[in-house]
Amino acid sequence: MLHWIIYALFIYVIYKIIKGVVFPALRITNTVNSKMREMQDKMKDMEQQQRQQSERQSRKKEGEYIDYEELK
């Protein structure tokens with residue numbers, strides 16, 4: 001009978017450890033991974049916007065400036 005009580009306590013302790021440590025760690029890992037993906041997506045969007053803006057600015061500058069050569 002004492003063996004069953006010890007086994008039950010052992011299983012209970014293992015359950016508490018899994019519930020208190022492993023599940024929260026998995027939840028935190030999933031949350032961090034999803035936030036990292038969101039940040040990477042935002043960075044890609046920002047890079048794309050910067051490229052588009054630089055292309056627009058380079059198009060505006062074409063033909064606007066005349067090369068200057070100093071005459072002696």
Karplus-derived 3J(HN,Hα) from phi for the stretch 17-28 (6.51 cos²θ - 1.76 cosθ + 1.60, θ = phi - 60°), whole Hz, x at Gly and Pro, runs 5, 5, 5, x, 10, 5, 4, x, 5, 5, 5, 5
With x for Gly and Pro, the residue-by-residue ³J(HN,Hα) of the stretch 3-15, computed from phi through the Karplus equation 6.51 cos²θ - 1.76 cosθ + 1.60 at θ = phi - 60° and given in whole Hz, is 4, 5, 5, 5, 4, 5, 5, 4, 5, 5, 5, 4, 4
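Any read-out appearing in this document is the output of simple, stated calculations on the displayed coordinates, not a laboratory observation. Please read all numbers here as calculations on a predicted model, not as lab measurements.
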